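The values are calculated or read from the model by the stated rules, or taken from the named source; none is laboratory data. Since we're looking at a predicted model, the values are computed, not measured. Cβ atoms come from the backbone with ideal geometry, glycine included; neighbour counts cover every protein chain shown. Protein only, heavy atoms only, side chains kept; ligands, DNA and RNA dropped before computing areas. Shrake-Rupley method; radii C 1.70, N 1.55, O 1.52, S 1.80 Å.
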Amino acid sequence: MGSPTRRRILAAAGSSIALAGCLTGSGADVQELTTPEAIPDDDWTEPEWRPADGTPSEDDVTATTVVAGLEIPWDLVFAADDAFLTERTGGVRRFDATALATDADLSPDDGELLIEADALPDRAAPGEGGTLGVAIHPEYPDRAELFVYYTVDDGAVGNRVVNYDLESETLETVLDGISGATTHNGGRITFGPEGYLWVLTGDAEEPALTQDPGARAGAVLRLTPDGEPAPENPDWGTDGDQRTYTLGHRNPQGIAFTPQGTPVVAEHGPAARDEVSILRPGGNYGWDLVRGGPDDPEYGSYDEYDDATPPVVNTGPEMTWAPSGIAFYDDDSITPWENRMFVCGLASNALYAVSLRPENGGLEDGAESEDETGVRHDTTWLDDRFTATAHTLFEGEYGRLRHIEPGPDGSLYLLTSNRDGRASGAFPAADDDRIVRLDPA
């Protein structure tokens, strides 16, 4: 594996970095950023897909409540004729995908309770923990295997990924020993374009863990379906977990891929400072030393640290999205929404439509460009591969939004999270929590 992981000292010994925001952890200050021994080639190129143009609008879609009365739904994934849903305080339900695409006002019991909460060994639900992410084997239904990320308490709070075989109804641990706590458990999982399982983990309220590549905390992991490191992952040295693809994250809860297969991650920041990042293999996203630009009073600036990988969006110290699930919509069914990244906001009670435009614009001559109603993220210290423009949709209409998932029919599905104890105002509503289907208008 080579020599111990190289580190570059980025802060003077004895200096102190102030921690901001809710539950940022034990207060241990990160004084240096970790870099891998070796990284695979970053094969990113400017997109072959046409960047979005025009202005997305709520009027582009028709919204229908498909399922009402859920208890803190957390993740949703479609596979073949099925749709699998997790509830944070419960287990995993299976719905008929056609029913979700055509019906309305279904109840939770219209979905089969496939895995009960008690069937997940050592399962616990402290604070934000519980039954979180769900993913389906890419060869489903030929390989009828379900993957679940959930919080455990086996003497200490942690998180675990298991494989559930739908035919034999057996569970097998894929990855254990993921750091956990009352908050900041990460939890999103998905299969990427190459058939590897991507796992997002939080800092488990201990920010210093995010600079330890062996801690499985504050990281994006990439592994085989059997739990082994994916080939050509970065090399983090003898003390590192070779499943680690990137680190230095605070609490990532959203991952999606562009049409070219580039991973994009959204994560919660401290007291705002939320981020959307285009991942680079071996990237270090700076937590908790670096978290903004030169005018941020609490954290170091990305442009001052060569070993920090900047995001494409940082909401700054005055604005929060509280981002959770995300999706890249590359279907032409909702034409004005095509080729946009959609980001669910919890505390902001909104859905964000994010357009990613490369430096050269990516539009044909005469094509309509983004109007000025969106918020542009184009300061010099951000990721210079794209300029991001964000439009706010459905603000305050559905309350806290946990996840958005494209369906096989070209529609999009929103999960609300209004019964998690953090809703306010008119929420939770009588029909919360729910799945809302967004069809082309």
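Looking at the structure I just gave you, is Asp142 on the phi > 0 side of the Ramachandran plot and open to solvent by 10 Å² or more (accessible area, probe 1.4 Å)? First the steps, then the outcome.
Numbers: on the phi > 0 side of the Ramachandran plot: no; open to solvent by 10 Å² or more (accessible area, probe 1.4 Å): yes.
Judged against the criteria, Asp142 is not a match.
Against the definition (in contact (Cβ under 8 Å) with a residue 60 or more places away in the chain, under 22 Å from Tyr302 (Cα atoms) and hydroxyl-bearing (Ser, Thr, Tyr)), how does Thr183 come out, yes or no?
On the way: in contact (Cβ under 8 Å) with a residue 60 or more places away in the chain: yes; under 22 Å from Tyr302 (Cα atoms): no; hydroxyl-bearing (Ser, Thr, Tyr): yes.
Spelling it out, it is not the case that Thr183 is in contact (Cβ under 8 Å) with a residue 60 or more places away in the chain, under 22 Å from Tyr302 (Cα atoms) and hydroxyl-bearing (Ser, Thr, Tyr).
Given the criterion modelled with pLDDT under 95 and either aliphatic (A, V, I, L, M) or within 17 Å of the chain's Cα centre (by Cα) (or both), identify the matching residue among Leu363, Leu382, Leu346, Leu351. Walk me through it before giving the result.
Working: Leu382 fails: modelled with pLDDT under 95; Leu346 fails: modelled with pLDDT under 95; Leu351 fails: modelled with pLDDT under 95.
On inspection, the qualifying residue turns out to be Leu363.
Scan segment 284-313 for residues that are more than 16 Å from the chain's Cα centre (by Cα), part of a loop (DSSP other than H, G, I, E, B) and either free of Cβ contacts under 8 Å to residues at least 40 places away in the same chain or at positive phi (or both) and report the count.
Going through segment 284-313 one residue at a time, the tally reaches 4.
Looking at (1) out of contact with any Pro (no Cβ under 9 Å at 6 or more places or on another chain); (2) surrounded by 16 or more Cβ atoms within 10 Å (Cβ to Cβ); (3) not aromatic (Phe, Trp, Tyr), which is the only condition Ala68 fails?
So Ala68 meets the others, but not (1).
Considering only residues of segment 174-201 that are among the β-branched types (Val, Ile, Thr) and touching a Leu at 6+ places or on another chain (Cβ under 8 Å), which is most open to solvent (accessible area, probe 1.4 Å)? If you could, list the steps in order and put the result at the bottom.
Narrowing segment 174-201 to residues among the β-branched types (Val, Ile, Thr): 174, 178, 182-183, 189-190, 199, 201.
Now restrict to residues that are touching a Leu at 6+ places or on another chain (Cβ under 8 Å): 174, 182-183, 189-190, 199, 201.
Numbers: Val174: 20, Thr182: 71, Thr183: 5, Ile189: 5, Thr190: 37, Val199: 0, Thr201: 0 Å².
Of everything passing the filter in segment 174-201, Thr182 is most open to solvent (accessible area, probe 1.4 Å).
Considering only segment 121-136, state which residues are open to solvent by less than 10 Å² (accessible area, probe 1.4 Å) and more than 24 Å from Thr224 (Cβ to Cβ). If you could, list the steps in order and put the result at the bottom.
Let us first name the residues in segment 121-136 that are open to solvent by less than 10 Å² (accessible area, probe 1.4 Å), namely 129-135.
Selection gives Gly129, Gly130.
May I ask you to say which residue of Asp296, Asp307 is modelled with pLDDT under 95, open to solvent by 10 Å² or more (accessible area, probe 1.4 Å) and over 17 Å from Pro207 (Cα atoms)?
On the way: Asp307 fails: modelled with pLDDT under 95.
Answer to the selection: Asp296.
Of the residues that make up segment 28-47, is at least one over 23 Å from the mean Cα position of the chain (by Cα), closer than 25 Å to Leu356 by Cα, in contact (Cβ under 8 Å) with a residue 40 or more places away in the chain and buried (at least 20 other Cβ atoms within 10 Å of the Cβ)?
no
Open to solvent by 10 Å² or more (accessible area, probe 1.4 Å) and among the basic types (Lys, Arg): is that true of Arg291 in this structure?
Values: open to solvent by 10 Å² or more (accessible area, probe 1.4 Å): no; among the basic types (Lys, Arg): yes.
In short, no.
Which of the residues belonging to segment 71-99 are part of a loop (DSSP other than H, G, I, E, B) and either surrounded by fewer than 17 Cβ atoms within 10 Å (Cβ to Cβ) or over 24 Å from the mean Cα position of the chain (by Cα) (or both)? Break it down stepwise before answering.
Taking segment 71-99 and keeping what is part of a loop (DSSP other than H, G, I, E, B), we get 71-72, 80-81, 88-91.
Passing the criteria: Glu71, Ala80, Asp81, Thr89.
Which pairs have Cβ atoms under 6 Å, sit 6 or more apart or on different chains, and link a residue in segment 371-382 that is open to solvent by 100 Å² or more (accessible area, probe 1.4 Å) to one that is modelled with pLDDT of 90 or more?
Close Cβ pairs (under 6 Å, with a partner that is modelled with pLDDT of 90 or more) amount to Arg376/Thr389.
Kindly establish whether Ile278 is β-branched (Val, Ile, Thr), open to solvent by 10 Å² or more (accessible area, probe 1.4 Å) and at negative phi. First the steps, then the outcome.
Numbers: β-branched (Val, Ile, Thr): yes; open to solvent by 10 Å² or more (accessible area, probe 1.4 Å): no; at negative phi: yes.
Considered against the rule, which asks whether it is β-branched (Val, Ile, Thr), open to solvent by 10 Å² or more (accessible area, probe 1.4 Å) and at negative phi, Ile278 comes out as no.
Among Gly316, Gly254, which is the only one that is modelled with pLDDT of 95 or more, small (Gly, Ala, Ser) and not in a strand (DSSP E or B)?
Values: Gly254 fails: not in a strand (DSSP E or B).
The conditions single out Gly316.
Please determine, by comparing only the residues of segment 415-441 that are assigned to a strand (DSSP E or B) and not hydrophobic (A, V, I, L, M, F, W, C), which one is most open to solvent (accessible area, probe 1.4 Å). Break it down stepwise before answering.
The first filter runs over segment 415-441 and keeps only residues assigned to a strand (DSSP E or B), leaving 415-416, 435-440.
Remaining after also requiring not hydrophobic (A, V, I, L, M, F, W, C): 416, 437, 439-440.
On the way: Thr416: 0, Arg437: 16, Asp439: 30, Pro440: 54 Å².
In this case the residue turns out to be Pro440.
Of all residues in segment 385-414, which are open to solvent by less than 20 Å² (accessible area, probe 1.4 Å), among the small types (Gly, Ala, Ser) and either without any contact (Cβ under 8 Å) to a residue 60 or more places away in the chain or assigned to a strand (DSSP E or B) (or both)?
Within segment 385-414, Ala388, Ala390, Gly399 qualify.
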